[in-house]
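Trainee: Would you mind keeping the following structure in view while I ask a few things?
The values are calculated or read from the model by the stated rules, or taken from the named source; none is laboratory data. As the structure is a computational prediction, the values presented were derived from the model and not from experiment. A quick note on method: Cβ atoms are made from the backbone with ideal geometry, for glycine too, and the neighbour counts reach across all protein chains shown. Each accessible area value is taken on the protein alone, full model and side chains, heavy atoms only, with ligands, DNA and RNA left out. Shrake-Rupley method; radii C 1.70, N 1.55, O 1.52, S 1.80 Å.
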Amino acid sequence: MPDRSISPEERLRIIVRADENLMAFLAVARSLRLPQWRLAAGCVYQTVWNSLSGLPAATGIKDYDLIYFDAADVSWEAEDAVIRHAAPHFDGRWPVEIRNQARVHLWFEQRFGQPYPQLRSADEAFGHYAAIVHAVGIRLEDDDTIDIAAPFGLDDLFGMIIRPNPGRRGDKGLAAKAARAKAIWPELRLVDLQP
């Protein structure tokens, strides 16, 4: 039974801090000094699910989504330069996907078949993630505090629930992603998902 005397945010911080690998990743990400950076989505919620399920750390984690926001240059070349600069810092230790959220609107519809608005910040991206539980991001601040962005709250995260973001219905890949997750964490509840 979870300790109700601490907030969900503090509970998330405790779980993140207990994962030495994730903390090492956050320290490397912080050292890159990317504007508005966050570690987002799968590696965050899957770390929590592993903790809640008693599974080994990093179970199910395919990659680490590192987002940032730089509207000064939204070219692919600028984003690619960031990716190439970051690669040696991660030293092959973590599979990393780095994306500038200021340029997602330029390619999203062509790739996923749905329009995507031009964003004003990295955190605004969380409002457009496919599932509520995906919309969680963390950042290790200079004073070693862990800052959390979770516009839909953390109930689905700790409830082990995958449900669509009500503002982004019709995501064709969500059901397959949820089925993959359910195979790893059978206690997950899938809510309002279309097959």
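Trainee: Could you tell me whether any residue of segment 1-14 is open to solvent by less than 20 Å² (accessible area, probe 1.4 Å), part of a helix (DSSP H, G or I) and touching a strand residue (DSSP E or B) at 6+ places or on another chain (Cβ under 7 Å)?
Mentor: Yes, the conditions are met somewhere in segment 1-14.
Trainee: Going residue by residue through segment 157-165, is there one that turns out to be farther than 19 Å from Arg30 by Cα, at pLDDT below 95 and of a type in the set (A, V, I, L, M)?
Mentor: Scanning segment 157-165, I find no residue that is farther than 19 Å from Arg30 by Cα, at pLDDT below 95 and of a type in the set (A, V, I, L, M), so the answer is no.
Trainee: If we scan segment 57-69, do we find a residue that is more than 24 Å from Arg99 (Cα to Cα) and surrounded by 12 or more Cβ atoms within 10 Å (Cβ to Cβ)?
Mentor: Within segment 57-69, one or more residues are more than 24 Å from Arg99 (Cα to Cα) and surrounded by 12 or more Cβ atoms within 10 Å (Cβ to Cβ).
Trainee: All but one of (1) under 20 Å from Lys177 (Cα atoms); (2) touching a helix residue (DSSP H, G or I) at 6+ places or on another chain (Cβ under 6 Å); (3) not in a helix (DSSP H, G or I) hold for Lys62; state the number of the condition that does not hold.
Mentor: Just one mismatch for Lys62, condition (2).
Trainee: List pairs: first in segment 133-156 and open to solvent by 60 Å² or more (accessible area, probe 1.4 Å), second basic (Lys, Arg), Cβ under 8 Å, 6+ apart or cross-chain?
Mentor: Close Cβ pairs (under 8 Å, with a partner that is basic (Lys, Arg)) amount to Asp142/Arg30.
Trainee: Checking the conditions here, which among Ala81, Ala72, Ala86 is outside any helix (DSSP H, G or I) and either over 20 Å from Ile148 (Cα atoms) or of a type outside the set (A, V, I, L, M, F, W, C) (or both)?
Mentor: Ala72
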